[in-house]
Structure formats: structure tokens, C-alpha cells
Amino acid sequence: MNLRGAIAIFTNELLRFFRTAFGSILSPVLTTSLYLVVFGAAIGSRMDPSQFGGSTYGAFIVPGLIMLTLLSESTSNASFGIYMPRFTGAIYELLSAPVGVFETLVGFVGAAAMKSLIIAGIIMLTAMLFVDYSVAHPFYAAGYIVLVASAFALFGFILGLWADGFEKLQIVPLLILTPLTFLGGTFYSIKMLAEPWRTVAQFNPIFYLISGLRWTFMGGSDVPIGLSLACTVGFVVLCVGVIGFIFRTGWRLRE
Amino acid sequence: MDGPILELRGLSKTYKGGVRALDSVDLDIRRGEIFALLGPNGAGKTTLIGAVCGLVRPTEGTIRAFGEDVKSHWRSVRRRIGLVPQELAFDMFARVDHSVEYSRGMFGYPPNKARLEEVLRSLSLWDKREVKIRELSGGMKRRVMIAKALSHDPELLFLDEPTAGVDVELRRDMWRQIGALRDQGTTIILTTHYIEEAQEMADRVGVINKGKLLLVDDKDAIMAKLGRTEARIILGAPMSELPPALGEFPLSLEDEGRTLRYRGGDGTGKGKREIAEVLRLLVRQDIMFEEVDTRESTLEDIVVDLVDGREGGAA
């Protein structure tokens, strides 16, 4: 294994992130702050805490907002990270180096996940300025956040390999991920939905991720934590399988 | 190790859509040489390099580098190979030193400030090490590409059109640098369609067209085998037929007997000697002439003829 190669890619990707740190961090922090002000403070004060497991509405939406950031940042960082070398032609260096699928994933996916973790951490700190919340299971929360960040960085990596233009790179996060996240219980409990929407919502895979993170924060959620964890791990396995297939066949890389 | 540093056997590549970019290429590259692969656009030069470096999956054939199969020993083989592609391709917003160190790390080598300085100084980039690549001139950017490829001190270096689009001064500077690399023991395979470049630097030349390797030989041997000398002797008075004394030379009469045309030689100077002999015989036989033009065929003439399917050489 070429560990130095993996570290080189990881470091290079983080350097790229820090070159644009101001924009990379400020934008999600500002967006999340606005959500917390509008939904948490302005509207949330009129919501009945009994609908949210006894916590305030502001505290209820914090896990959902973290998930929103994790999904969009992990996906976009990883997709951009691998798409840009393909776009500029610099991918030749990766393909001609003694770097295999493992090192590539550690480098690109690891860095993308790390970037989104940094942003998620800053958002958690920012949320403290607006909302009084606590984390019921800090150890599980940290592990779950890392798992979700990795899962969607893997997904973003596949997206970056699939895309053959900047438009495709944007389409999936904008038209699929963000709507699914909003409809997956970021701002409400599924129990608040009437049928048939409650049943429909259970077909949304993001719902299980948000529910899982909410369990680590609040100690309870719409579905059992085991199911959320199984969904997340299953998604990781699926993404790794797809990436392994791509590297074996050379699809979009060695064509 | 005395064997070839690179061995290609029956190497073929057919792209989707049926384009056969490489067609059963057999080639051995000797350790320490500069090998120039010549051919027109689309001949298969870049595909051949891509197949060796891992950018392209060959359809058939085998590649062995440093005595090892490239497919089964790809990690150890790639650590010893460097590639400078034709296009300028890097993160334009990265600093020069970061970009070069990144390349070294990716090939599995630890950071080495001394090597970094050595490479950057040799390419006159040391003063620009903290500059973002996008702020450099086109020539400097091309040097960064070379610095990245040299960062891990490769034994086998591929240069795909290294001087494409650079001015004459920079091209000559690049030639000096490539010569210096050869002096340090690096084996260099370069593709070019500047035949002057191959003539100036290469030890051996390969000519490829439509995926087929048409010829591989020492540059001097090619010139000797396929080189030609041509002379045009304008006579003082028209001649109806060649004098018997000149019969042994490859001469012909043109322009209604006013011009004596010589086409011969072999690229070793034989042609010039024969022309001098022809002129002496003309003087001896009191045949007056007014003008003599001579021309040696170049490697370019030979390559153009090969690519066009004329095997007899040119002048």
C-alpha cells in the first residue's frame, strides 16, 4: 500500500479547502444561522415542545441542520475534488502514480469528509449561539457524523466520476439531495405528518439518517437507531462497491 | 540489469467505436537512451505512452518495464516512471513547490527539501517556488510539468510533445535539460512532430503511423539506410545522352538535356563524394556546367516518406 500517496492526496485536498476557507466555511455557517434564526427563534417559539420530545423546536432542528450541511458539503467536496482533475486533465498524475483505489478513497473521500466535519463542528458551535441544545450520546453522535460524512463523500466521489460537465455536478445535490433532506424530517417529526405522507416519507432514505443523528442528540427518534445505522452502513457498502467496480473497469478514468 | 528497460510485445489498443490506435506494436527501449517516437497527429504516440503509464488499458499485448510485467507489478513499476503529458494539466491555484511536493508524495516518496530545491533550480523555478502556477508564463508552466515528473527521480521518463507550442529559445533550453537528464542516466522516451527535435537529441528513432510501428533504428543508421543526396547540375550546353564514363552513377538528364540530376548516396556522405567525382569527370571531358545545387535529405524527409508509404527515402 502507498500510504504516502494517500497522505499526499489528503493533504493536497485539505490545502485546496483552506485556500478557499473563508467562502467554504462562511457560506454554510451563514445559511445555518439563518435557519436557526427564522425557524428556531422566530417560528420555533410558537411550536408545542411536546411534539418534539419535550425539547424546544430550535434544539429539535439542530441535528437536521447538521445533516443538511453534512450531506451537501460531503457530496460537493468529494465530487468537486475528483471532477476538477478530470476536467483540467490533471487526473493523469493520479492514474500514472502507484495509487490504488484504497489510497484514492483515503485521500479524496477522507479529505472531503474531513472538510465537512470541520464545517459541521463549526455549525454545532454556531448553533449554541442561537439555541440551547445538548447531545445525549456524544460518542455515538461523533461516530455517526463521521459515518454519514464518509458515506456521502463516497457518494460525491461517484458523482464526480459520473459527471461530464459542471451542470451534472450540481444537479444531484440540488435536485435530489436537498429536497430529500428537507422532506426527510429536518424541520419536523414524521409523526406530525398525516397519512399517506407519513408512509411516503419512510421511503426517503435521508429520513433514516436524520432520525439516527437526532437519536444521538435527543435520545429518541422516529425510527430505531439500529435501522438508521443499518441504512447508513448499507449505503457506505454500496458506494464502496460501485467505486471498486469503477476502478476495476476504468469507467470514466481509463477510457 | 542489461536487458531493455521497456519491452512492448504485440501491444494493441482499440478504442470504443473501433479506432485501432495501436496495432501489434513490438518495441524495446534501451537503458539510458533518448528514444524519439515520431508520427503525425493521431498516429498512436500518446496512446502508446498512456498504455505504459497506466492511463489507457491496452486491448492486447504485454508491457514489461525494468524486467517486470506492468500489469501485475504496477505499483513498483510506476514508482520508477515519470510522465510529462502534452497538455498543461495541474491545479493552477496551487503554489509551485506544493504542486511538485504533491507529485513526489503521490509516487510514494517522503518529502525531500534537497530534491525539491535541486529539481526547481535545474529548471530555473527556484525563485518562483512560492508563486501560484497560474501566475507563471506558459514556458514556466511547462517547466513545472517537468519538475512534477522529475520530483520522484524516475529512471524512465516519458515526454509527450515536450516543446509543443513553446518558442524557439525555450525549446533549445528544454533540449539542453533533456540532454542533462540523459547524462544523469535517465532513459527518455519523447514523442514529437518536430523532427528537428529528434534529429538533435535522439539516439534512436521510431516512426509510428495509424498505430503501426513502421521503423525503429539508430538515428544515424536510418540516415545511412534511407538518407539521400540530390544534386542539380545546370549544364553549359544541352546533352543528348549521358557520357559512358558517368554511367555508373545514379544520374538522369532533365529539362531537355540542360540539367543533370543526381539522386543517390546513403546519408553517410557517399552522395557528396560521388557528386564531387561526377564534377571531376565532367571537367575532364570538357563538359561545361554553370551551376551546382546539392541537398541532403533530412530525417524529416525520411519520416514523411515512410508515413506516406514511400520507402525509398527522399532528397
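Listed values, structure above:
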item	result
Of all residues in the stretch A:15-33 being of a type in the set (A, V, I, L, M) and within 15 Å of the chain's Cα centre (by Cα), the one that is farthest from the other protein chains (Cβ to nearest Cβ)	A:Val29
Enumeration of residues in the stretch A:38-56 that are assigned to a loop (DSSP other than H, G, I, E, B) and closer than 16 Å to A:Arg214 by Cβ	A:Met47, A:Gly53, A:Gly54, A:Ser55, A:Thr56
Residue among B:Leu27, B:Leu38, B:Leu8 that is at pLDDT below 90 and either within 16 Å of the chain's Cα centre (by Cα) or closer than 14 Å to B:Val216 by Cβ (or both)	B:Leu38
The stretch A:157-186 residues that are touching a residue at least 40 places away in the same chain (Cβ under 8 Å), paired with ones that are of a type in the set (Asp, Glu) (beta carbon under 8 Å, 6 or more apart)	A:Gly185/A:Asp222
Selection count, the stretch B:200-220, where residues are surrounded by 17 or more Cβ atoms within 10 Å (Cβ to Cβ) and in contact with a Leu (Cβ under 9 Å, 6 or more places away or on another chain)	13
Output for the stretch A:223-235, where each listed residue is crowded, with 20+ Cβ neighbours inside 10 Å and touching a Ser or Thr at 6+ places or on another chain (Cβ under 7 Å)	A:Ser228
The stretch B:80-126 - residue that is within 21 Å of A:Leu95 (Cα to Cα) and small (Gly, Ala, Ser) and, of those, modelled with the lowest pLDDT	B:Ala89
Given (1) closer than 20 Å to A:Asp222 by Cα; (2) touching a Phe, Trp or Tyr at 6+ places or on another chain (Cβ under 6 Å), number of the condition A:Leu193 does not satisfy	(2)
Lone qualifier among A:Ala6, A:Ala41 - being in contact with a Gly (Cβ under 6 Å, 6 or more places away or on another chain) and either of a type in the set (A, V, I, L, M) or surrounded by fewer than 20 Cβ atoms within 10 Å (Cβ to Cβ) (or both)	A:Ala6
Condition check for B:Glu254: of a type in the set (Asp, Glu) and surrounded by fewer than 15 Cβ atoms within 10 Å (Cβ to Cβ)	yes
Hey, A:Ala59 away from chain B (no Cβ under 14 Å), among the small types (Gly, Ala, Ser), out of contact with any Leu (no Cβ under 9 Å at 6 or more places or on another chain) and assigned to a helix (DSSP H, G or I) or not	yes
Identity of the residue in the stretch A:72-109, of a type in the set (Gly, Ala, Ser) and either within 30 Å of A:Ile210 (Cβ to Cβ) or part of a helix (DSSP H, G or I) (or both), that ends up nearest to the other protein chains (Cβ to nearest Cβ)	A:Ser96
Restricting the stretch B:68-81 to residues that are touching a residue at least 40 places away in the same chain (Cβ under 8 Å) and facing another protein chain (nearest Cβ under 9 Å), the residue that is nearest to A:Ile7 (Cα to Cα)	B:Arg79
Contacts under 7 angstrom Cβ, first residue in the stretch B:82-94 being more than 8 Å from every other protein chain (Cβ to nearest Cβ) and in contact (Cβ under 8 Å) with a residue 40 or more places away in the chain, partner in a loop (DSSP other than H, G, I, E, B) and small (Gly, Ala, Ser), 6 or more apart	B:Gln86/B:Ala164
Residue tally, condition among the small types (Gly, Ala, Ser) and either more than 7 Å from chain A (Cβ to nearest Cβ) or touching a residue at least 40 places away in the same chain (Cβ under 8 Å) (or both), over the stretch B:95-107	2
Check on B:Gly271, of a type outside the set (Lys, Arg), touching a Ser or Thr at 6+ places or on another chain (Cβ under 9 Å) and either under 18 Å from B:Asp301 (Cα atoms) or modelled with pLDDT of 90 or more (or both)	yes
Count of residues meeting criterion [part of a helix (DSSP H, G or I), away from chain A (no Cβ under 14 Å) and under 22 Å from A:Ala8 (Cα atoms)] in the stretch B:116-141	6
Helices (runs of 4 or more DSSP H) lying entirely in the stretch A:162-211 (those with 2 or more residues that are among the polar types (S, T, N, Q) and under 12 Å from A:Met67 (Cβ atoms))	A:178-181
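The rows are residues; the columns are (1) surrounded by 15 or more Cβ atoms within 10 Å (Cβ to Cβ); (2) farther than 24 Å from B:Val166 by Cα; (3) of a type in the set (A, V, I, L, M); (4) not assigned by TED's automatic domain parsing to the domain that holds B:Arg104.
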| position | (1), (2), (3), (4) |
| --- | --- |
| B:Leu11 | yes, yes, yes, no |
| B:Arg20 | yes, yes, no, no |
| B:Asp26 | no, yes, no, no |
| B:Leu37 | yes, no, yes, no |
| B:Ala51 | yes, yes, yes, no |
| B:Lys71 | no, yes, no, no |
| B:Arg80 | yes, yes, no, no |
| B:Leu83 | yes, no, yes, no |
| B:Asp91 | yes, no, no, no |
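Table: residues versus (1) in the same structural domain as B:Met92 (by TED's automatic domain parsing); (2) within 30 Å of B:Gly67 (Cβ to Cβ); (3) among the hydrophobic types (A, V, I, L, M, F, W, C); (4) over 21 Å from the mean Cα position of the chain (by Cα).
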{"site": "B:Ser122", "(1), (2), (3), (4)": "yes, yes, no, yes"}
{"site": "B:Arg129", "(1), (2), (3), (4)": "yes, no, no, yes"}
{"site": "B:Ile133", "(1), (2), (3), (4)": "yes, no, yes, yes"}
{"site": "B:Met140", "(1), (2), (3), (4)": "yes, no, yes, yes"}
{"site": "B:Met145", "(1), (2), (3), (4)": "yes, yes, yes, no"}
{"site": "B:Leu156", "(1), (2), (3), (4)": "yes, yes, yes, no"}
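The values are calculated or read from the model by the stated rules, or taken from the named source; none is laboratory data. Computed from a predicted model, the values in this text were never measured in an experiment. Backbone-built Cβ (ideal geometry, glycine too); neighbour counts: all protein chains shown.
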